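Input: a single structure, listed below in structure tokens.
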Amino acid sequence: MSNRTFKVKPFIIIVLITSIWIHTSEVFRYFLFIIPMMKTYWQGMNQGVVNMDWVIFSIWGVWDMIVTTVLVFFVWMYRQTFGSNLRSIIFSSTMIWAAIFVIFWVAASNMGLSDWSILWVALPLSWIEMVIGGWISCRLYASKKWV
């Protein structure tokens with residue numbers, strides 16, 4: 001079982017390490033899959049929604065850090081009760097995924113900002129991203145470096 005005392009320094013280090021995966025996965029998914037699908041959806045309309053300038057990119061970095069921080073904290077809380085196992089990783093990652101990504105993409109599609117078919121690509125890839133991020137943070141918490 002894990003140490004029940006929340007320690008800020010290891011938490012920050014684990015967030016930073018896990019964020020490398022989250023940032024990489026987000027950029028990969030967005031540029032390889034989502035942008036082409038969004039450009040097709042927005043064809044003939046305002047392309048500003050799809051174009052990525054430095055302001056949007058920096059906001060996206062803040063978004064990724066918030067997602068990573070919530071994921072790592074939730075993994076820490078969940079493993080306090082259920083331990084460092086596959087069930088903890090999948091359940092805690094899926095809860096964060098549903099609370100953040102599912103709500104975001106369903107809302108975007110519902111408001112007409114995205115095509116519903118994009119959800120078939122964005123949601124499974126973001127779920128994989130969260131599970132791998134949960135696995136990384138769980139493995140880092142389980143290592144003896146943080147005791």
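The values are calculated or read from the model by the stated rules, or taken from the named source; none is laboratory data. Computed from a predicted model, the values in this text were never measured in an experiment. Heads up, the Cβs are rebuilt from the backbone with ideal geometry, glycines too, and the neighbour counts pull from every protein chain shown. Side chains included, ligands, DNA and RNA excluded: accessible areas come from the protein's heavy atoms. Shrake-Rupley method; radii C 1.70, N 1.55, O 1.52, S 1.80 Å.
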TODO: Pick out which of Phe11, Phe73, Phe31 has the largest mean-square fluctuation in a Gaussian network model of the chain, springs linking Cα atoms closer than 10 Å.
DONE: Phe31
Task: J(HN,Hα) series, region 105-111, from Karplus relation 6.51 cos²θ - 1.76 cosθ + 1.60, nearest Hz, glycine and proline x - done: 6, 5, 5, 4, 5, 5, 8
Task: Ranked order, Trp63, Trp135 - accessible area, probe 1.4 Å, largest first - done: Trp135, Trp63
TODO: Would you please state which residues of region 109-125 a label at Ile90 would reach in this model, taking the label point 7 Å out along Cα→Cβ and a backbone N cut-off of under 18 Å?
DONE: 124-125
Task: Using θ = phi - 60° and Karplus 6.51 cos²θ - 1.76 cosθ + 1.60, couplings along region 121-138 (whole Hz; Gly, Pro as x) - done: 9, 5, 5, x, 5, 6, 5, 4, 4, 5, 5, 5, x, x, 5, 4, 5, 5
Open item on the list: Could you derive backbone 3J(HN,Hα) for region 95-101 from the dihedral phi with the Karplus parameters 6.51, -1.76 and 1.60 (θ = phi - 60°), listing whole Hz in sequence and x where the residue is Gly or Pro?
Closed with: 4, 5, 4, 5, 6, 9, 6
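With a cut-off of 8 Å between alpha carbons and a minimum separation of six or more residues, what is the relative contact order of region 85-147 in percent? Can you show the working numbers first?
Numbers: 31 pairs, mean separation 29.0, N = 63.
Rounded, it is 46 percent for region 85-147.
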- [ ] Send over a whole-number figure in Å² for the accessible area per residue of region 52-100, probe 1.4 Å.
- [x] 53 Å²
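Once fully extended, how much extra length lies between Gln43 and Leu16, figured as 0.36 nm per residue of separation less the alpha-carbon to alpha-carbon distance?
6.0 nm
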- [ ] Please work out how much accessible surface Phe104 shows to a 1.4 Å probe, ignoring ligands, DNA and RNA, in Å² rounded to 10.
- [x] 100 Å²
Task: Computed accessible area, Lys39, all protein chains, 1.4 angstrom probe, square angstrom - done: 90 Å²
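Using a 1.4 Å probe over the heavy atoms of the protein chains, calculate the carbon and sulfur portion of the accessible area of the chain as a whole percent. Numbers along the way, then the final one.
On the way: 6240 of 8430 Å².
Ligands and nucleic acids excluded, carbon and sulfur reach 74 percent.
Over the chain, what is the relative contact order in percent, taking alpha-carbon pairs closer than 8 angstrom and at least six residues apart? Don't skip to the answer; put the middle values down first.
Numbers: 123 pairs, mean separation 56.3, N = 147.
38 percent.
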Open item on the list: Heavy atoms of the protein only, probe of 1.4 Å, neighbouring chains included. What is the accessible area of Thr5 in Å², nearest 10?
Closed with: 80 Å²
